[in-house]
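Let me begin by presenting the structure, written as structure tokens, before commenting on it.
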Amino acid sequence: MSNNKYKVLLIEDESNIRSFVETILEANDYQVITTATCEQGIMLFSSHTPDFVILDLGLPDKDGLEFVKKVREGSNTPILVLSARTNEADKVEALDCGANDYVTKPFGTAELMARVRVALRNRHQNTDNGRVSGEKFTLYDLVIDYNRRLVFMGENEVKLTQTEYNILALLSKHTGKVLTYSAIIKEIWGALDVGGIKKLQVNMANIRKKLGSKPGDNRYVINELGVGYRIGEENM
Ligand code: CA
């Protein structure tokens with residue numbers, strides 16, 4: 001039933017990467033539309049309304065960020081950015097413009113498909129917005145009770161400060177998505193201040209400790225170095 005397939009728009013100018021990604025997606029039963037330019041990507045986006053976009057930032061005609069900005073004027077369709085390893089600033093900018101996630105080149109098949117699945121899963125969560133009071137977030141042993149503002153590991157309550165709770169709850173409401181340092185700071189403390197990143201790191205270290213995470217342990221909160229944090233499955 002080909003019309004039940006998810007439709008993916010792939011915007012990438014390097015033909016090797018484009019056909020590699022296209023092959024992976026088709027093998028995993030996605031329908032793929034491809035283009036090498038930002039302009040055509042924007043046109044294809046409005047004519048085909050894909051379920052998902054994979055976007056290279058370095059495009060021949062325009063910066064891929066232009067695509068993100070344009071699409072975010074009227075759509076929440078997940079956008080996964082393909083980015084070169086060295087460009088931390090580009091990743092941050094793309095996420096702050098509204099991209100959902102990024103994959104660093106070179107990337108493997110399993111990593112790419114995991115990211116695609118997470119983004120599509122979150123898309124479904126986002127469609128029934130407006131969380132019912134009493135709703136809970138669960139990941140492995142971690143349970144966040146939004147209604148009571150309580151956090152549990154299995155049966156045991158984890159005592160978080162208000163700020164720690166707010167950070168964890170914020171990440172959990174965007175499962176799988178990398179939230180940049182500045183996005184978190186703005187949301188938690190209201191404004192960007194100089195000590196913000198340090199404050200965030202201290203709070204995050206406390207959260208991780210209270211959740212029982214050892215250094216380098218990515219079971220709950222994943223540290224995307226130089227970019228931000230995400231909550232989600234560890235093999236991402
Ligand atoms: Ca490129």
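Observations on the structure shown:
- Cleavage-rule hits (GluC sites (Glu not before Pro)) in the stretch 137-236: DSSP loop, at most 11 neighbouring Cβ within 10 angstrom: 155, 234
- Counting DSSP beta bridges with both ends in the chain, the antiparallel % (nearest 5): 50 percent
- Range of Cα positions in the chain per principal axis (Å), largest first: 50, 44, 32
- Kirkwood-based Rg to Rh ratio, the stretch 132-231, C-alpha trace: 0.94
- Taking only the C-alpha atoms of the stretch 7-121, Rg followed by Dmax gives 12.5, 34 Å.
- Here the chain exposes an accessible surface that is 49 percent carbon and sulfur, computed with a 1.4 Å probe and the other protein chains kept in place.
- The tail of the calculated P(r) for the stretch 30-90, taken as Cα-Cα distances beyond 18 Å, holds 29 percent of the pairs.
- Restricting the stretch 1-100 to GluC sites (Glu not before Pro) in coil, as DSSP defines it, with at most 11 other Cβ within 10 Å: 73
The values are calculated or read from the model by the stated rules, or taken from the named source; none is laboratory data. Computed from a predicted structure; not experimentally measured. Don't worry about glycine lacking a Cβ; one is built from the backbone with ideal geometry, like all the others, and counts go over all protein chains shown. In case anyone asks, the SASA skips ligands and DNA or RNA and just uses the protein heavy atoms, side chains included. Shrake-Rupley method; radii C 1.70, N 1.55, O 1.52, S 1.80 Å.
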